[in-house]
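Below you'll find the structure, written out as structure tokens, and then a few comments.
The values are calculated or read from the model by the stated rules, or taken from the named source; none is laboratory data. What you see is a predicted model, and the numbers here were worked out from it, not measured in a lab. So basically every Cβ, Gly included, is an ideal-geometry build from the backbone, and we count neighbours across all protein chains shown.
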Amino acid sequence: MYEQSSFTAWEIRPGKEENADAGGAKTPGTASSEGAGEPVAEEWRAIEGFDGRYEVSSHGRVRSISWRDGRGHWRLGKMLSCVQMKIGYRKVSPRKDGKTIQSYVHILVARAFIPNPLNKPEVNHKRGTKAGDGVDNLEWATPGENIQHAYDTGLNPNSGERHTGAKLTHEAAAQIKALYRPYKVTLQSLADRFGVKIGTVRNVLEGRTWKTS
């Protein structure tokens, strides 16, 4: 168990957020909300499932919160480094119960800030910029809406989700990998959620199709 600090946000240890190039190499950078007009104030909210130890911002940044470990030592919070995957999505690696949980930044932002009353399974980047994880660039979507958006914006013109036989989008494949938990989130539940066969889900998880990293 741990005890969360009462430190303010300004007392969190400063750290460089790192973006990455298409090859996954980290490079210094600062995440911010995209779009024209006046800058929008950055808001922070707790990430579900991590007992208040991590927060995500409306600009697409992720940080840990200062906390006291089991030995009574304070562990100062910091900005988490981001790695940009070859397909463009950014991910972070928060820890829980001694394990690293690979998490896509755009999904964390959407879950924290964007209502989803229709329970749509995917998060779409409205401007087509997958590295832009500010809340103003995201929306919940169905697989069909995501594929239509790819057509409308000219994304992936010759392959992937534009292929006539494609049953999933890059977004859906990435989310399947993020959601799957052995003995907790089953292949069947994922197949039902995304409207595909179990074999399609298994192929994604085993890297036979839709390589997402």
Completion exercise
Among LYS78, LYS126, LYS91, the single one that is in contact with a Lys or Arg (Cβ under 8 Å, 6 or more places away or on another chain) and not small (Gly, Ala, Ser) is LYS78
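Among the candidates LYS99, LYS130, LYS120, which residue alone is basic (Lys, Arg) and touching a His at 6+ places or on another chain (Cβ under 9 Å)?
LYS130
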Completion exercise
If you go through ILE87, ILE107, the only one that is in a loop (DSSP other than H, G, I, E, B) and aliphatic (A, V, I, L, M) is ILE87
Handout entry: Test result for GLY144, surrounded by fewer than 15 Cβ atoms within 10 Å (Cβ to Cβ), of a type in the set (Gly, Ala, Ser) and outside any loop (DSSP other than H, G, I, E, B)
Key = yes
Exercise for the section: Tell me, please, whether a residue that is of a type in the set (S, T, N, Q) and touching a helix residue (DSSP H, G or I) at 6+ places or on another chain (Cβ under 8 Å) can be found in segment 84-100. Expected result: no
Handout entry: Complete set of residues in segment 43-73 that are touching a residue at least 12 places away in the same chain (Cβ under 8 Å), surrounded by 15 or more Cβ atoms within 10 Å (Cβ to Cβ), not in a loop (DSSP other than H, G, I, E, B) and not small (Gly, Ala, Ser)
Key = TRP44, TYR54, VAL56, VAL62, ARG63, TRP67
Fill in the blank from the handout: Among the residues of segment 179-211, the number that are at pLDDT 80 or above and small (Gly, Ala, Ser) is 3
Completion exercise
The condition from (1) among the hydrophobic types (A, V, I, L, M, F, W, C); (2) touching a helix residue (DSSP H, G or I) at 6+ places or on another chain (Cβ under 9 Å); (3) within 22 Å of THR129 (Cβ to Cβ); (4) touching a residue at least 60 places away in the same chain (Cβ under 8 Å) that LEU76 misses is numbered (3)
Completion exercise
Only unsatisfied item for HIS59, checking (1) at pLDDT 95 or above; (2) touching a strand residue (DSSP E or B) at 6+ places or on another chain (Cβ under 8 Å), is (2)
Practice task
Starting from segment 163-183, keep only residues that are farther than 19 Å from VAL92 by Cβ, then list their pairs with residues that are acidic (Asp, Glu) and modelled with pLDDT of 80 or more whose Cβ atoms are within a distance under 6 Å, requiring at least 6 positions of separation or different chains.
Solution key: ALA172/GLU122
Completion exercise
Counted residues in segment 54-73 being charged (D, E, K, R) and under 21 Å from GLY134 (Cα atoms) come to 3
Exercise for the section: Check segment 81-103 and report whether any residue there is in contact (Cβ under 8 Å) with a residue 12 or more places away in the chain, small (Gly, Ala, Ser) and more than 22 Å from ILE176 (Cα to Cα). Expected result: yes
Problem - Which listed residue is closer than 14 Å to ASP133 by Cβ, among the aliphatic types (A, V, I, L, M) and modelled with pLDDT under 75, from ALA31, ALA22, ALA9 - result: ALA31
Exercise for the section: Please work out if GLY132 is modelled with pLDDT under 95, buried (at least 22 other Cβ atoms within 10 Å of the Cβ) and not basic (Lys, Arg). Expected result: yes
